[in-house]
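Everything on this sheet refers to the single structure shown next.
The values are calculated or read from the model by the stated rules, or taken from the named source; none is laboratory data. Because the structure is predicted, anything quoted here is derived from the model rather than measured. Every residue, glycine among them, receives a Cβ derived from its backbone with ideal geometry; neighbour counts consider all protein chains shown.
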Amino acid sequence: MIPKDAVTITIRHRVGFHETDAMGIVHHSNYLKYCENARVVWLETHDKSYPEWIEQGLHFAVTKVDLDYKQSARFDDVIDVTTWLEWVRGASLAMAYEISRDGELLCSGRTEHASINDDGRVRRLPKEDRERLGRTALTEYARGD
């Protein structure tokens with residue numbers, strides 16, 4: 001369930017035929033793609049665009065994925081993907097997701113991400129970025145200066 005005090009974004013997606021299996025059911029791997037798309041839109045809406053992070057030499061590598069499938073989406077369904085920031089720490093953050101169709105929960109989950117540089121090495125988020133993101137996080141962020 002989406003926490004009432006979460007700073008969310010919801011994107012709408014119409015399921016394409018290419019996202020489904022022979023029975024017209026969305027392949028499980030696509031749910032993670034839906035989450036990734038929503039995460040990028042969340043950053044763009046509530047913080048700064050992903051290309052701006054890249055200009056800083058920062059990327060958010062996925063370190064953990066947890067998806068709980070409840071119902072199947074099918075070809076031509078219109079689904080809503082809602083996401084919010086759970087927490088941000090020195091060099092990591094966690095996002096949570098709900099995917100629904102007409103108000104019916106299809107999938108919920110979360111991802112954790114490490115902040116890395118262009119060489120793939122863990123890099124702390126700059127303090128001002130952590131603090132800014134922390135103001136939109138569901139839980140208080142760890143300052144860890």
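Structural remarks
- For the range 69-98, a residue qualifies if it is out of contact with any Leu (no Cβ under 9 Å at 6 or more places or on another chain) and assigned to a strand (DSSP E or B), and the qualifying residues are R74, V78, D80, V81, T82, T83.
- Hits in the range 29-56 - residues which are of a type outside the set (S, T, N, Q), out of contact with any Cys (no Cβ under 6 Å at 6 or more places or on another chain) and within 16 Å of E98 (Cβ to Cβ): L32, K33, Y34, C35, E36, A38, R39, V41, W42
Okay, residues lined up against (1) part of a strand (DSSP E or B); (2) over 18 Å from G134 (Cβ atoms); (3) touching a strand residue (DSSP E or B) at 6+ places or on another chain (Cβ under 6 Å):
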| position | (1), (2), (3) |
| --- | --- |
| I11 | yes, yes, yes |
| A22 | no, yes, no |
| K33 | no, yes, no |
| V40 | no, yes, no |
| T45 | no, no, yes |
| K48 | no, no, no |
| F60 | yes, no, yes |
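- The range 42-99, residues that are of a type in the set (G, A, S) and surrounded by 16 or more Cβ atoms within 10 Å (Cβ to Cβ): S72, A73, G90, A91, S92, A94, A96
- Restricting attention to the range 100-145, the residues that are loosely packed, with under 12 Cβ neighbours inside 10 Å, modelled with pLDDT of 95 or more and either among the hydroxyl-bearing types (S, T, Y) or closer than 16 Å to P3 by Cα (or both) add up to 1.
- Candidates in the range 99-109 are the residues that are assigned to a strand (DSSP E or B) and not polar (S, T, N, Q); of these, the one that is nearest to the chain's Cα centre (by Cα) is G109.
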